[in-house]
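Written below as structure tokens is the structure these notes are about.
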Amino acid sequence: MRCPWRLAMFAALLCPVVVEARETKPAGCEASVGAWEFTPGPGRAVMLKEGTTYHVVYLVTLGGESYGSASTCTCETSAGKLLWSCDVRFSLQQAQIGTKEKYEWVFDGETIQHRSISPDGQRGDVISLRRAK
């Protein structure tokens, strides 16, 4: 009795197998993890993820004044936007330490359009960030 599966197995060993490796890109909030630079700069930001919490550190100079903070954040996706809720743990501006801040991010390719959200729901000016090189 012939076993056709043996022939198929033998053929599989002889024939090269083509495997296409694709880089998978994270989606949603996880796509924010990594190093970013403000445009126009100078300024940098780094975002890390630990469980469901994100850690954000940034330093930027605007109008000759330096701003920076370290925050722990949560993120949710809504209507194609990322909504961030952050607790400021450290800041170059003492009054910000211990405050809660909200942000809205929209991805445009490798660029993020960032807006702060005030307690009354008003959106701030758009600030752009791009992947750091």
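The values are calculated or read from the model by the stated rules, or taken from the named source; none is laboratory data. Small disclaimer: the values here were computed from a predicted structure and weren't measured. Because the Cβ atoms are built from the backbone with ideal geometry, glycine has one as well, and the counts that use them run over all protein chains shown.
Picking from residues in the stretch 109-123 that are within 19 Å of Gln96 (Cα to Cα) and touching an Asp or Glu at 6+ places or on another chain (Cβ under 9 Å), the one that is surrounded by the most Cβ atoms within 10 Å (Cβ to Cβ) is His114. Of all residues in the stretch 101-110, those being in a strand (DSSP E or B) and modelled with pLDDT under 90 number 2.
The listed residues are Glu101, Glu65, Glu110, and the only one of them that is of a type in the set (Asp, Glu) and within 12 Å of the chain's Cα centre (by Cα) turns out to be Glu110. Gly98 fulfils the conditions (1) loosely packed, with under 15 Cβ neighbours inside 10 Å; (2) at pLDDT below 90 except for a single criterion, (2).
The number of residues in the stretch 79-98 being among the polar types (S, T, N, Q) and under 15 Å from the mean Cα position of the chain (by Cα) comes to 1.
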